[in-house]
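Structure record follows, encoded as structure tokens.
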Amino acid sequence: MPRFSIIVPVYKVQGYLRECLASVLGQSYGDFEVVAVDDRSPDGSGAILDEYAARDARVRVLHLPENVGLGGARNAGLDQAAGDYVLFLDSDDHYTPGLLAAVAARLETTGDPDILVFDHVRTYWWGRGGRSEAADLLAAAGTETFRIRESPGT
């Protein structure tokens, strides 16, 4: 069983998809599977997914018979996930180098919690970016592990 199942819902993203998949497959931490869900995309995204699956056994493609939308595609991928932990990655986004290794290390040092919440950086196509809207909330929560019932306001 892989450590991570990375679910990638795909619809009309052929211009971003290769960068997305390369950012995952190029991670230094390799104990993962990619469950790519072709949400009946009308562009060439399905063929790109099949190409990656043919080259890398960690990539599995689920071609849906009809478009079900982002949530439905994520749920379809979740039904196929076999990993200890599930990550969702939008197909027009990408991982920074070392992300999976950092997440795996944090899981190990915190005793494999049920849920691990981490932040992201939003970068726009024109190159500008910054902190997420949740950055202050996450900073206020701190870096210690806690039981949700003991800290419901966090």
Notebook entry, point to check: Using a Gaussian network model of the chain with C-alpha springs under 10 Å, which one of Arg131, Arg40, Arg60 is most mobile by mean-square fluctuation?
Noted result: Arg131
Next item on the list: Could you state, as a whole-number percent, how many of the C-alpha pairs of the stretch 1-76 are farther apart than 20 Å?
Entry: 24 percent
Next item on the list: Give the order of Val37, Val24, Val61 when sorted by the count of other beta carbons within 10 angstrom, beginning with the fewest.
Entry: Val61, Val24, Val37
Note to self: 7 Å from Cα along Cα→Cβ at both Asp90 and Val121: what's the point-to-point distance in nm?
What the structure shows: 1.8 nm
Checklist line | Residues Phe118, Phe4, Phe88, sorted so that the one with the fewest Cβ neighbours within 10 Å comes first | finding: Phe118, Phe88, Phe4
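For a footprinting-style exposure proxy, rank His94, His63 by other Cβ within 10 Å, fewest first. Please report the intermediate quantities before stating the final value.
On the way: His94 18, His63 14.
Starting with the residue having the fewest Cβ neighbours, the order is His63, His94.
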Next item on the list: Could you check which residue among Gly15, Gly111, Gly44 shows the biggest mean-square fluctuation in a GNM of the chain with a 10 Å Cα cutoff?
Entry: Gly111
Notebook entry, point to check: For the stretch 96-110, what does the Karplus curve 6.51 cos²θ - 1.76 cosθ + 1.60, with θ = phi - 60°, yield as ³J(HN,Hα) per residue in whole Hz, taken in order and with x for Gly and Pro?
Noted result: 7, x, x, 4, 5, 5, 5, 5, 4, 5, 5, 4, 5, 6, 9
Check: Under unit Cβ charges (Lys, Arg +1; Asp, Glu -1), what dipole magnitude, rounded to 20 debye, does the chain have relative to its Cα centre?
Finding: 180 debye
Check: Can you give the translational diffusion coefficient of the chain in µm²/s, computed by Stokes-Einstein from the Kirkwood radius over Cα pairs at 20 °C and 1.002 mPa s?
Finding: 128 µm²/s
Check: Hey, what angle do you get for helix 14-25 against the long axis of the chain, alpha-carbon based, 0 to 90 degrees rounded to 10?
Finding: 50 degrees
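All of the numbers you see were taken from the coordinates with simple rules; none came from a lab. Only a predicted model underlies this, so the values are computations on that prediction, with no experimental measurement involved. Here Cβ is always computed from backbone atoms with ideal geometry, including for glycine, and neighbour counts include all displayed protein chains.
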